[in-house]
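Please read the structure below before turning to the comments.
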Amino acid sequence: MAEITITKENFDSEVIASDIPVAVDFWATWCGPCKMLAPILAEVAEENEGKIKVGKVNVDEQQELAARFGIMSIPTVMVFEKGEAVKTAVGYMPKEKLEEMLGI
């Protein structure tokens with residue numbers, strides 16, 4: 001499954017109502033560490049299709065969502081399970097660390 005673009009309009013249906021864990025990446029086009037993390041997230045999404053979802057929130061376009069979750073630095077990855085944010089990590093991380101955070 002490809003990554004999903006998350007907006008305030010689809011956040012509840014794609015993240016809160018999801019029956020599988022969702023990793024939400026808060027990012028921006030101008031962010032260097034975000035660009036480094038992007039291919040890792042894409043790879044993890046591809047390799048774990050059906051086990052997890054990976055959503056992307058562009059903080060410049062979705063300022064309301066970024067504010068809702070208190071995003072101060074990017075990239076920030078939040079893991080949601082059963083509609084609740086259960087883990088948060090800020091900054092670039094290698095694939096192994098991301099997989100550990102996701103429990104895969």
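The values are calculated or read from the model by the stated rules, or taken from the named source; none is laboratory data. For clarity, every value in this text was computed on a predicted model and none was experimentally measured. FYI the Cβ positions are ideal-geometry reconstructions off the backbone, even for glycines, and counts take in every protein chain you see.
Residues of the range 5-29 being touching a residue at least 24 places away in the same chain (Cβ under 8 Å) and surrounded by fewer than 18 Cβ atoms within 10 Å (Cβ to Cβ), which ones? Across the range 5-29, the qualifying residues are Thr5, Thr7, Lys8, Ile16, Ala17, Ile20, Ala28, Thr29.
Residue by residue, here is whether (1) surrounded by fewer than 12 Cβ atoms within 10 Å (Cβ to Cβ); (2) modelled with pLDDT under 95 holds:
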position	(1), (2)
Gly50	yes, yes
Val54	no, no
Gln62	no, no
Phe69	no, no
Ile74	no, no
Phe80	no, no
Ala89	no, no
Leu102	no, yes
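Whether any residue in the range 49-71 is touching a strand residue (DSSP E or B) at 6+ places or on another chain (Cβ under 9 Å), farther than 15 Å from Phe11 by Cβ and among the polar types (S, T, N, Q) is what I want to check. No, every residue in the range 49-71 fails to be touching a strand residue (DSSP E or B) at 6+ places or on another chain (Cβ under 9 Å), farther than 15 Å from Phe11 by Cβ and among the polar types (S, T, N, Q).
Within the range 39-54, restricting attention to residues that are free of Cβ contacts under 8 Å to residues at least 60 places away in the same chain and touching an Asp or Glu at 6+ places or on another chain (Cβ under 8 Å), which residue is nearest to Val90 (Cα to Cα)? Show your work before the answer.
Step one: filter the range 39-54 for residues free of Cβ contacts under 8 Å to residues at least 60 places away in the same chain, giving 39-43, 45-54.
Remaining after also requiring touching an Asp or Glu at 6+ places or on another chain (Cβ under 8 Å): 41-42, 45, 53-54.
On the way: Leu41: 14, Ala42: 18, Ala45: 19, Lys53: 19, Val54: 16 Å.
If we take residues in the range 39-54 being free of Cβ contacts under 8 Å to residues at least 60 places away in the same chain and touching an Asp or Glu at 6+ places or on another chain (Cβ under 8 Å), then Leu41 is nearest to Val90 (Cα to Cα).
Restricting attention to the range 1-26, the residues being in contact with a strand residue (DSSP E or B) (Cβ under 8 Å, 6 or more places away or on another chain) and within 21 Å of Glu47 (Cα to Cα) number 15.
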